[in-house]
Amino acid sequence: MEGIKLFGKGADPAFWQGVREKECYGFLREDLEKCWELYGLNPIKALTYSDFRLFKYTGNRSVYENEYCYRRKSAVTSALLALIYPEEEKYPVRLMDSLYAVCDEYTWCLPAHNTALEVNNNVHIDIFAAETGIMMAEIYTLLGDRLEPLIRDRIRTELKRRIITPWENKTYGWEKNEANWNTVCTGGIAIVTMLVFPELFTGYLPRISRNIERYLGGFKEDGICEEGVSYWHYGFGNFVFFADMIRKFTDGGVDYFARPKVKEISMFFQKINLNGQCTVSFSDANPFHHYHIGLLHYLKREYPDAITVSGQENSYITDGRGRWNFYLRAVLWLEEEYLSPDPQAQRATFFAPYSQWLVHKEPGYGFAVKGGHNAEPHNHNDVGSFIIAKDGKHVFADLGAGPYTRQYFAPSTRYGIVQCSSRGHSVPIVNGEYQREGAEFAARNTRFEDGVFYTDIAGAYGIEALRSAIRSFKCTENAVILKDSFEYEGEGDIIERFAVRIPPESVGDGAVKVGGITLRFDPASCDLSFSSESLNEKSSVYFVDFKLKNGIREFTAFFDMG
């Protein structure tokens, strides 16, 4: 099978003519024109050793990565414009300059993933090397002879040297990984092989299959991606790109989409899209996220009765790194009939028993709560944390990811950071102590019965005197009701903490206003106080704290959506 056939309709020049002319692709054309102004006209700068070494010595990632990504954005933009406007010579010229520069790079890895400065280590495969391999192989295949012979030969040579030979000579640590590194790297190697070195694929297939099974094994049967929505888009998106291509390559012999678990994972975005662009932001997830238009449209076509799509205004084309494989699929997989919002996306309830998440959506608000444990992927100490989103804003918030630095991922410093510590989450503080990290610090008896979510979060604290802390939530059309009951034999205070992104205000005895939500409580049971902590120069998290009065071991909060 010729490699270009693996792109389906993308192999047909008539399809690209349609992209050029049809109204439904207009926003894609406009975006590419803007990208051309940004990434198609300026000189391609050198990647310097001074910038490469910054991460090891200072922890800075952005200086090197910005120029690294600029080269790829230049290649992505010019390649897609060359496919849409084949008569324009400037696009393939810029494309070949971009590809030539990428071929010249010392390594396709990022410095954060290749910190050895003592020895030459330029053929290591990380997720970015794999992404680059995909980009090079797919552009090589789609553009064909429009790329000049030297460029085509350099691409083949570098793919062989940087992807194929290292894969043959080394077993990588990420091959035992259940998270996104496995599917991005393994899927990328598979795509490079299917397109450029198909004669090798049969020999590689057992290892590829074994690695992909490990990745899928990282999901529980409820399909929740505990790493968060951006990791679902990235890791599972790359899985879908690979799974689509291998199904074509094997003429349907390898069909991952026939598996019920893959269908369940495919539904993740609609489960955690709370309100507008607000998403469930447990762990290192982003509180706001569009859906990738090509990925969701593909899954909607694959599972038409299971997937809901919330409209073009809630979608994105590619991320800030300009990843080729996502932008290409936005073009290839867009379906005009799915550009309008599906009304079913407005009201739903999802309980994930294995991951211990509940998500409830009404037209006026979205709610999520988790049990779980404190050693989850990209873990935060957040057992019992909850989110309420309204009017397109996270009001009662989970902060999601903090800035990715070396310190953020170091075990000795991670849980001093507010985003990762339970002090930055809407969970109790017991005798001045926060939740502790580790799989043993976990929720107990988490369940969803008769419309009520229950979980005992006492085990997350490691406090012997705290026998139980049963937290429950009930959602109605216009309200969320929280009840906490503590069995606590200690002397210290229990503080009910609520983290919010909008400055709160007291609006009378027993009521606090946050955004469009009124939190009602019994003032006889607790003392109210406010505080805040800076997240960066531009934003803060605000805390609404209720210190339970002596002897009181129950607390009820009524969140009125107004």
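The values are calculated or read from the model by the stated rules, or taken from the named source; none is laboratory data. The shown structure was predicted, so the numbers you read here are calculated from the model rather than taken from an experiment. Backbone-built Cβ (ideal geometry, glycine too); neighbour counts: all protein chains shown.
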*Taking only the stretch 520-556 into account, find how many residues are hydrophobic (A, V, I, L, M, F, W, C) and either over 24 Å from residue 365 (Cβ atoms) or not assigned by TED's automatic domain parsing to the domain that holds residue 472 (or both).*
4
*How many residues, within the stretch 466-510, are over 29 Å from the mean Cα position of the chain (by Cα), aliphatic (A, V, I, L, M) and in a loop (DSSP other than H, G, I, E, B)?*
1
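For the stretch 313-345, enumerate the residues that are under 21 Å from the mean Cα position of the chain (by Cα) and either farther than 29 Å from residue 128 by Cβ or among the β-branched types (Val, Ile, Thr) (or both). Talk me through it step by step, then tell me what you get.
Just the residues of the stretch 313-345 that are under 21 Å from the mean Cα position of the chain (by Cα), to begin with: 313-331, 333-334, 345.
Once the filter is applied, which keeps residues that are under 21 Å from the mean Cα position of the chain (by Cα) and either farther than 29 Å from residue 128 by Cβ or among the β-branched types (Val, Ile, Thr) (or both), the stretch 313-345 yields 313, 317, 318, 331, 345.
When you go through 327, 338, 365 one by one, which is the residue that is at pLDDT below 95 and among the hydroxyl-bearing types (Ser, Thr, Tyr)?
On the way: 327 fails: at pLDDT below 95; 365 fails: at pLDDT below 95.
Criteria check complete, one pass: 338.
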_Against the definition (hydroxyl-bearing (Ser, Thr, Tyr), at pLDDT 95 or above and farther than 20 Å from residue 518 by Cα), how does residue 405 come out, yes or no?_
no
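Just for helices (runs of 4 or more DSSP H) wholly inside the stretch 21-93: which have at least 2 residues that are under 29 Å from residue 111 (Cα atoms), in contact (Cβ under 8 Å) with a residue 24 or more places away in the chain and hydroxyl-bearing (Ser, Thr, Tyr)?
62-84
Residues 192, 184: which one is at pLDDT 95 or above, out of contact with any Ser or Thr (no Cβ under 8 Å at 6 or more places or on another chain) and within 24 Å of residue 82 (Cα to Cα)? If you could, list the steps in order and put the result at the bottom.
On the way: 184 fails: within 24 Å of residue 82 (Cα to Cα).
Just a single option satisfies the conditions, and that option is 192.
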*Within the stretch 112-136, can you find the residues that are assigned to a helix (DSSP H, G or I) and either over 30 Å from residue 178 (Cβ atoms) or at pLDDT below 95 (or both)?*
112, 113
*Do you know which residues across the stretch 469-500 are without any contact (Cβ under 8 Å) to a residue 40 or more places away in the chain, in contact with a strand residue (DSSP E or B) (Cβ under 6 Å, 6 or more places away or on another chain) and surrounded by fewer than 16 Cβ atoms within 10 Å (Cβ to Cβ)?*
474
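Looking at the stretch 335-347, is at least one residue acidic (Asp, Glu), part of a helix (DSSP H, G or I) and within 15 Å of residue 310 (Cα to Cα)? Can you show your working first?
Taking the stretch 335-347 first, the residues acidic (Asp, Glu) are 335-337, 342.
Okay, now just the ones that are also part of a helix (DSSP H, G or I), so 336-337.
Still in the list and also within 15 Å of residue 310 (Cα to Cα): 336-337.
Yes, some residue in the stretch 335-347 is acidic (Asp, Glu), part of a helix (DSSP H, G or I) and within 15 Å of residue 310 (Cα to Cα).
Yes or no: the stretch 178-197 includes at least one residue that is more than 20 Å from residue 325 (Cα to Cα) and touching a Gly at 6+ places or on another chain (Cβ under 8 Å).
Within the stretch 178-197, the first condition is being more than 20 Å from residue 325 (Cα to Cα), and the residues that meet it are 178.
The next check asks that each one be touching a Gly at 6+ places or on another chain (Cβ under 8 Å); those that pass are 178.
Looking through the stretch 178-197, at least one residue is more than 20 Å from residue 325 (Cα to Cα) and touching a Gly at 6+ places or on another chain (Cβ under 8 Å).
Matching residues to (1) among the hydrophobic types (A, V, I, L, M, F, W, C); (2) within 35 Å of the chain's Cα centre (by Cα); (3) within 28 Å of residue 468 (Cβ to Cβ); (4) modelled with pLDDT of 95 or more:
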{"residue": "520", "(1), (2), (3), (4)": "no, yes, yes, yes"}
{"residue": "523", "(1), (2), (3), (4)": "no, no, yes, yes"}
{"residue": "531", "(1), (2), (3), (4)": "no, yes, yes, yes"}
{"residue": "538", "(1), (2), (3), (4)": "no, yes, no, no"}
{"residue": "546", "(1), (2), (3), (4)": "yes, yes, yes, yes"}
{"residue": "550", "(1), (2), (3), (4)": "no, no, yes, no"}
{"residue": "553", "(1), (2), (3), (4)": "no, no, yes, yes"}
{"residue": "557", "(1), (2), (3), (4)": "yes, yes, yes, yes"}
{"residue": "561", "(1), (2), (3), (4)": "yes, yes, no, yes"}
_For the stretch 156-186, which positions are surrounded by fewer than 24 Cβ atoms within 10 Å (Cβ to Cβ) and either of a type in the set (Val, Ile, Thr) or outside the structural domain of residue 113 (by TED's automatic domain parsing) (or both)?_
157, 164, 165, 171
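For residue 530, are the conditions met, namely being surrounded by 13 or more Cβ atoms within 10 Å (Cβ to Cβ), hydrophobic (A, V, I, L, M, F, W, C) and touching a Leu at 6+ places or on another chain (Cβ under 9 Å)?
Numbers: surrounded by 13 or more Cβ atoms within 10 Å (Cβ to Cβ): yes; hydrophobic (A, V, I, L, M, F, W, C): yes; touching a Leu at 6+ places or on another chain (Cβ under 9 Å): no.
No: the conditions fail for residue 530.
Return yes or no: is residue 202 crowded, with 18+ Cβ neighbours inside 10 Å, in the same structural domain as residue 138 (by TED's automatic domain parsing), without any contact (Cβ under 8 Å) to a residue 40 or more places away in the chain and in a helix (DSSP H, G or I)?
Numbers: crowded, with 18+ Cβ neighbours inside 10 Å: no; in the same structural domain as residue 138 (by TED's automatic domain parsing): yes; without any contact (Cβ under 8 Å) to a residue 40 or more places away in the chain: yes; in a helix (DSSP H, G or I): yes.
For residue 202, the condition - crowded, with 18+ Cβ neighbours inside 10 Å, in the same structural domain as residue 138 (by TED's automatic domain parsing), without any contact (Cβ under 8 Å) to a residue 40 or more places away in the chain and in a helix (DSSP H, G or I) - is not met.
Looking at the stretch 354-453, what strands (runs of 3 or more DSSP E) fall wholly within it and have at least 3 residues that are hydrophobic (A, V, I, L, M, F, W, C), in contact with a helix residue (DSSP H, G or I) (Cβ under 8 Å, 6 or more places away or on another chain) and surrounded by 24 or more Cβ atoms within 10 Å (Cβ to Cβ)?
On the way: elements: 357-362, 365-370, 386-390, 393-396, 438-442, 444-449.
Answer list for the stretch 354-453: none.
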*Taking the stated definitions as given, is residue 102 without any contact (Cβ under 8 Å) to a residue 60 or more places away in the chain and either outside any loop (DSSP other than H, G, I, E, B) or over 23 Å from residue 330 (Cα atoms) (or both)?*
yes
*Within the stretch 95-104, identify whether any single residue is more than 24 Å from residue 182 (Cα to Cα) and among the small types (Gly, Ala, Ser), and answer yes or no.*
yes
